[in-house]
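Shown next, in structure tokens, is the structure this report addresses.
The values are calculated or read from the model by the stated rules, or taken from the named source; none is laboratory data. Every value quoted in this text rests on a predicted model; they were computed, and no experiment measured them. Because the Cβ atoms are built from the backbone with ideal geometry, glycine has one as well, and the counts that use them run over all protein chains shown. Side chains included, ligands, DNA and RNA excluded: accessible areas come from the protein's heavy atoms. Shrake-Rupley method; radii C 1.70, N 1.55, O 1.52, S 1.80 Å.
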Amino acid sequence: MCGIVGYIGDRDAYDVLIKGLRRLEYRGYDSAGLSLMPRAGELNCYKTRGKVAELERYAQDKDKSGTLGIAHTRWATHGEPNDINAHPHYSQSGDLSMIHNGIIENYVTLRTKLEQVGYTFKSTTDSEVVVNLIEYIRNTMGLDLCSSVQHALNQVVGAYAIAVIDRNDPNLLIGARKSSPLVVGVGENEFFLASDATPIVEYTNKVVYLDDEQIVLLRRGEEMKIVDLSNVVVTPEIHELTLDLSVLEKGGYPHFMLKEIYEQSRTIQDCIRGRVNSEGTEVILSGVSQNRDKFMAAGRIIFVACGTSWHAALIGKQMIEEFCRIPAYVEYASEFRYRNPVINEDDIVIAISQSGETADTLAAVELAKQKKAFVYGICNVVGSSIARATHSGSYIHVGPEVGVASTKAFTGQVTTLAMLTITIAKERGTISDERYVQMIKSLQQLPQQMDVVLKQREKIEELSKIFTYANNFIYLGRGYNYPVALEGALKLKEISYIHAEGYPAAEMKHGPIALIDAEMPVVAIATSDSIYEKTISNIQEIKARSGRVLALVSEGDNQIGNIVDYVIEVPTTDEFLMPILSSIPLQLLAYFIAVNKGRDVDRPRNLAKSVTVE
Ligand code: M6R
């Protein structure tokens, strides 16, 4: 969602800001803008609906000088995406300029109060209210900018990451956050502010992750200062980034999504590395071993997640119940947080999130903590809000995922859940030693097997041409492959805009089978597993009604080919790991269909990579 970049130092701020906005494009947005301070008393603001490229065109022949500035990509929440609602926003006097990511829930009340004392508003955004509130407090209380920000944020209800500059002080950049991420980059005589580390990594590997209700003062020539909303001074904790810049580039691929699909055999190795010992006889997840008592005594495991991460959770639930014999539940974080769920002190709540910033998942984590559950995070982005808010956890270590459609994060999440399951099952004695070793062996074979799947690119590209015409799709699977069906359908929906539904195959006869005719492509995931024969029967039911079936089968299957229209083969693995292989052809199928339709694969309409509003 909205992206924030700020800069103060000796460089041309414009270049840093534009480059930074480009790095944040993956988050999803519909307008972009920036404010630059060429000299004291002057502020230039350029903003426009559309992409960063349009902002650059707009600013082409304008004054772009200045070594202090703030920039923003906006994903519309309050007010339509247009030039006026784009950020930055100005205070009434024009002195203050501010960018904001998040939602101010009480903005109507605050706006009415400000209108009563003479403020007028240009936009329909909640953000413009905040910058005017800061100014109003500064004028009426005679405070400096930092204290005015502090007072204003104490009145605000909601989520925010903000950056503010004052045209009368060319040496100060202020940032603050609550529930929306904000990272400070620390360079030589320069500071950066950003929603995540990607705009910063090019300049410095030293970062400070702001915590909720913290304000950072970045003054030229001085050390950074952090205070909280009660004015308590906080000592900044500097972290070293290990991010490699090349992973933020497309590396010769036409889209990040395709690059990320192809990275999967390596990212799964990265995910497993350091967790399986060199002999391949032991899995060690430090988050589990350090909290062994909690996992031994767990009454239930409750997964909270959204979107693709929720699909990974459905697989995690099956693994945990099958091998650890702990009752497991999967909740949409957005529902869980608002329905007063029963959470016991011996429950373990596992939050799964690629970005680690999803607002609903973060809120579910806070709720679980309030109710005294032990909360475990499975995140990709190191240092993200959810990673820091949970009691313990495991990173999936698949590297930055830029394409809006999640691919390598999904396989990384499922792999991490598999390692979690194996570790807990061994500790609890619910699997035999032989089974333990066998599961680890299967895990280690995955990267090679993924390469085999990825070699089917040409075949899948050809098949995609046959199906590009379709307006609807059905994806079917059972057992471990049911969440894969959901995930395959989600991938297709989000990047091709074709309507697609995932169903447990046996549910078809309870209603959806009425949709089947020769125009309805059905993707059936029918790998050789314990319910293979049942899945075949379900496919027969579709074929009997003239459905066109593309089946995903295990290598060497010579039965299904005689029943269905098209077949894609995947190598055989242990049933619980099958989703890691069977999801890949579906990622490729969605990708090629979207490309055939000319869609903006990496930045599909209306979507944001990191959903930081509820
Ligand atoms: O960062 P998270 O894993 O918490 O994100 C959750 C969903 O927003 C995300 O998985 C979304 O569904 C993706 N666009 C799916 O490709």
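Per-structure values
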item: Proximal lysines to LYS206, defined as alpha-carbon separation beneath 17 angstrom and excluding residues fewer than eight positions away on the same chain; result: LYS225
item: Rg/Rh ratio calculated on Cα atoms of the range 300-390 (Kirkwood radius); result: 0.93
item: Neighbour net charge for TYR262 - beta-carbon separation under 12 angstrom, K R +1, D E -1; result: +3
item: FRET efficiency, THR468 to ARG292 (Cβ-Cβ, R0 41 Å, nearest 0.05); result: 0.20
item: Charge sum, other residues only, whose C-beta stays under 12 Å from ASP63's C-beta, Lys/Arg counted +1 and Asp/Glu -1; result: 0
item: Chain lengthening between GLN456 and THR140 when straightened (0.36 nm per residue, less Cα-Cα); result: 107.0 nm
item: DSSP-assigned coil residues among trypsin sites (Lys or Arg not before Pro) in the range 67-152, each with at most 16 further Cβ atoms within 10 Å; result: LYS122
item: Principal axis dimensions, the range 68-118 - Cα atoms, whole angstrom, descending; result: 30, 25, 17
item: Kirkwood Rh in Å, taken over all unlike Cα pairs in the range 89-132; result: 10.5
item: Alpha-carbon Debye profile of the range 515-614, log10 I(q)/I(0) at 0.10 Å⁻¹; result: -0.36
item: Whole-number percent relative contact order across the range 548-614, with pairs defined as alpha carbons under 8 Å at least 6 apart; result: 21
item: The range 322-359 residues near the modelled GLU507 label - backbone nitrogen below 19 Å, point 7 Å along Cα→Cβ; result: 328-336
item: Within the accessible area of the chain (1.4 Å probe), percent carbon and sulfur; result: 47
item: Cleavage-rule hits, trypsin sites (Lys or Arg not before Pro), the range 354-437, DSSP coil, Cβ neighbours within 10 Å at most 13; result: LYS372
item: Accessible solvent surface per residue of the range 1-156, calculated while the other protein chains remain in place, 1.4 angstrom probe, Å²; result: 37
item: The range 113-158 pair-distance distribution - Cα-Cα, 10 Å bins, rounded %; result: 28, 57, 16
item: Normalised per residue, the volume of the convex hull around the Cα set of the range 1-69 (Å³); result: 73
item: The range 363-479: Rg to Rh, with Rh as the Kirkwood radius over Cα pairs; result: 1.06
item: Net length gained if the chain between ASP565 and ASN154 were fully extended (0.36 nm per residue, minus Cα distance); result: 141.7 nm
item: Taking only Cα atoms of the range 230-340, radius of gyration then Dmax in Å; result: 19.3, 53
item: Label point distance in nm, ILE84-ARG545, each placed 7 Å from Cα along Cα→Cβ; result: 5.1
item: Label point 7 Å beyond Cα of GLU240 along Cβ direction - residues of the range 180-217 with amide nitrogen under 13 Å; result: 205-207
item: Relative counts (whole %) of C-alpha pair distances in the range 409-459, using bins that are 5 Å wide; result: 5, 17, 23, 21, 15, 10, 6, 3, 1
item: The range 15-123: proportion of alpha-carbon pairs further apart than 25 angstrom, %; result: 22
item: Accessible area of the range 433-494 divided out per residue, in Å², using a probe of 1.4 angstrom; result: 42
item: Normalised convex hull volume, the range 231-280, alpha-carbon set, Å³ per residue; result: 169
item: Radius of gyration and Dmax over the Cα atoms of the chain, both given in Å; result: 25.5, 81
item: Beta bridges by DSSP in the chain, antiparallel share as percent, to the nearest 5; result: 60
item: Projected label distance in nm at ASP211 and GLU321, using a 7 Å step from Cα toward the beta-carbon; result: 3.8
